Structures are given as C-alpha cells and as structure tokens.
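Inspection log for the structure reproduced underneath, given as structure tokens.
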Amino acid sequence: MTSPTASPRGGRPVGVRDSRGYRTFTWVNGTLLLVVCAVMLYPFVTVVAQSFSGAGAIKAGMVNVWPVDFNVDTYKAVAQNDVFWRNYRNTVQYTVVGTTIAMALTTVFAFVLSKKHLRGRTFLIWVAVFTMFFNGGLIPNYVLITSLGMKNTMWALVLPGAISVFNLLVMKSFFENLPRELEEAAQIDGLGWFGIFGRIVLPLSKAVLATMVLFYSVAIWNDWFAAFLYLDDQDLFPVTLFLRNLVAGASTSASEGAALAGTTTAAISANIQAVTMILTIIPILCIYPFVQRYFVSGVMLGSVKG
C-alpha cells in the first residue's frame, strides 16, 4: 500500500479524498471571504460611481455601485486646476524623499541593533521602544519644529517620523535571522561592515525592504495632519490636505471647488470630493500590486524567530 505523496503545489497530499467536513469548511470559508471582500470594496466602488455621476443624482441618493447621469466634466475641471496638480506634485516629492530618508535610517539602525555583540545594544533598543509609548505631545512638538526652522518646509513632514519603531523592530529581527556564516565568510574575504551591509545583507533583504517601502510610502502619502500643523503656504500643501479641506467644507476650499466645477457649492460637495479621492489613491493602487508579493513574506520573515 503506497502512502499519499505531497501535492506539487503545496496543497493536500495527492490521493487523499476530501472529507465532508473539509468540503463544508472550504465552502463556508470561501463564502465568508467573498462577503468580507464585497463589504470592503463597496465604499470604494461607490466613490468611483459617484465620481462619474451627476451631482443631482448623488444628492438624491440614487448612486450606489453604478454611475447615474454619467459625466466626466468634474474630471476635466480637476485636470485643469493648477492648485490640485501642484499639491499632487508636492505629495509625490514628499513621499519619495521621506521614504528614501526613512529607509536609509531604518535599515542602518536595524542592522546595528541586530549585532548582539554591540555595546549598549539593549539600551538603544529600549530607547527606541520607549518612543512607541511616550512622546512630547502636540504643543512641544510644534514648538520644537518651529524653533528648528522647519516650519513651512518639506522637512517638517519627512524628518520627525523618519523612523517607525515597529518597522525598525521587524527589520532588526529579519537581520538577526540571516545566516551568521555569510558575514564570517565575507570578513575572511576582506569585506568591512559597510561592504557586508551593502553587498551581502541588502541583496538578501529584498522582501522586507519592499515591505518597509510600502509601509513608509503609504503612511507619508496619506498623512495630512503634519501638513495641517506645520504648513501655511497653500503652494506647499500635499494633495491629501487639499482633499481634507474639500471634505471638511472650509470656506477657502468651497470657493476653490466652485472654480473647479463651475457650479454651485452643493454640487461641489456631491461630486468633486469623489473625483479628488479617486485621483489621490491611483498611485498607491498602481504600486501596490508590484509590492504585494513581498508583503507577507517580508513581515513574517522579520517577525518570527527561527
């Protein structure tokens, strides 16, 4: 009697029949996942439908998952607005610069903390962890940023949160799990610590690096509160703050929206917010599929001690 062999795709062993309980579990699990996906996608699909619908239909509650009174006039109006695209360009710049700085600091710091022979390593880890639970508060942070001369500059947005302690600890654990023999072999060949880090460690860390890039870039892209606090010049606003002002219904954004849509303020609140939301999240939607394959492996490899 031959024993069942493992499936080439990593599934159940070949030759083992599904039990009734297993089939029931699979069906129920698949149904629940479909329901959860539908519930999560419904708001996004609704916003997409609203962005292509007429303002009157939206205010009347006629739009759910399909556009009503289809039009692209608001998209054309937004595409011709210089303020929106200037803020959009600012967001791209802040995200690229902020993610680059954050990745440089996080990878170097994590690599240093992964070395158990480092003197003061425990103290440095506790200093980092301490900042996860305690901070100076809103007013002291504002006074600090202002006194450093970073107010109304890009650096007020990208430097204060340059290192996420959660990302730091995940990356530290990942570096600790790399084979020690690789570093020893590199040292025998004459490589120093910078050479080991750049030529050995980083090429082996593509999964966790891609995951951290996704974390940092999404966080910076979506952040509007720091800009709300530290930026006064509208030309320096990120697009998320532009969107926040539209959603909040500030007087300045109302007049700005009227110029965009060429219609009444009521129509603005019904349509232009949806258009701006869609245009704001497009870059993240385009980037995520290329990084998603590294996401699970990157987090798990950096979180589980082996």
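The values are calculated or read from the model by the stated rules, or taken from the named source; none is laboratory data. Note that the structure is a prediction, hence the values are computed from the model and not measured. Cβ sites come from the backbone with ideal geometry, for glycine too, and all protein chains shown count toward neighbours.
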Original post:
Among the residues of the stretch 50-77, how many are crowded, with 20+ Cβ neighbours inside 10 Å and outside any loop (DSSP other than H, G, I, E, B)?
Top reply: 5
**OP:** Kindly establish whether N135 is of a type outside the set (A, V, I, L, M), within 24 Å of W221 (Cβ to Cβ) and surrounded by 13 or more Cβ atoms within 10 Å (Cβ to Cβ).
**Re:** no
**OP:** Search the stretch 23-50 for residues that are under 30 Å from D73 (Cα atoms) and pair each with any residue that is small (G, A, S) when their beta-carbon atoms are under 9 Å apart and the residues are at least 6 apart or on different chains.
**Re:** T46/A274; V47/A274; V48/A274; A49/A274; Q50/A57; Q50/A270; Q50/A274
Original post:
Condition test on T91, is it in contact with a Ser or Thr (Cβ under 9 Å, 6 or more places away or on another chain), farther than 30 Å from W193 by Cα and in a helix (DSSP H, G or I)?
Top reply: yes
Original post:
Here is a list of conditions, (1) under 24 Å from M103 (Cα atoms); (2) at pLDDT 90 or above; (3) touching a Lys or Arg at 6+ places or on another chain (Cβ under 9 Å), and F228 meets all of them except one; can you say which number that is?
Top reply: (1)
**OP:** Please indicate, with yes or no, whether at least one residue in the stretch 151-161 is small (G, A, S), modelled with pLDDT of 90 or more and either at negative phi or in contact with a helix residue (DSSP H, G or I) (Cβ under 6 Å, 6 or more places away or on another chain) (or both).
**Re:** yes
Original post:
Within the stretch 100-113, is there a residue that is surrounded by fewer than 19 Cβ atoms within 10 Å (Cβ to Cβ), within 30 Å of F52 (Cα to Cα) and out of contact with any helix residue (DSSP H, G or I) (no Cβ under 9 Å at 6 or more places or on another chain)?
Top reply: no
**OP:** Can you confirm whether the stretch 180-187 contains a residue that is within 22 Å of the chain's Cα centre (by Cα) and either closer than 23 Å to F215 by Cβ or not β-branched (V, I, T) (or both)?
**Re:** no
Subject >> Subset of the stretch 188-233 that is aliphatic (A, V, I, L, M) and more than 26 Å from the chain's Cα centre (by Cα) - its residue that is farthest from C286 (Cα to Cα) >> reply: I188
Original post:
Assuming R121 fulfils every condition listed in (1) modelled with pLDDT of 90 or more; (2) over 30 Å from F52 (Cβ atoms); (3) in contact with a Leu (Cβ under 7 Å, 6 or more places away or on another chain); (4) not polar (S, T, N, Q) apart from one, which condition is it?
Top reply: (1)
Original post:
When you go through G61, G120 one by one, which is the residue that is without any contact (Cβ under 8 Å) to a residue 40 or more places away in the chain and either touching a helix residue (DSSP H, G or I) at 6+ places or on another chain (Cβ under 9 Å) or in the same structural domain as D233 (by TED's automatic domain parsing) (or both)?
Top reply: G120
Original post:
Are any residues in the stretch 108-164 part of a helix (DSSP H, G or I), over 30 Å from S205 (Cβ atoms), over 24 Å from the mean Cα position of the chain (by Cα) and not β-branched (V, I, T), and if so, which ones?
Top reply: P140, Y142, L144, S147
Original post:
(1) at pLDDT 90 or above; (2) more than 28 Å from A227 (Cα to Cα): which one isn't true of T91, the others all being true?
Top reply: (2)
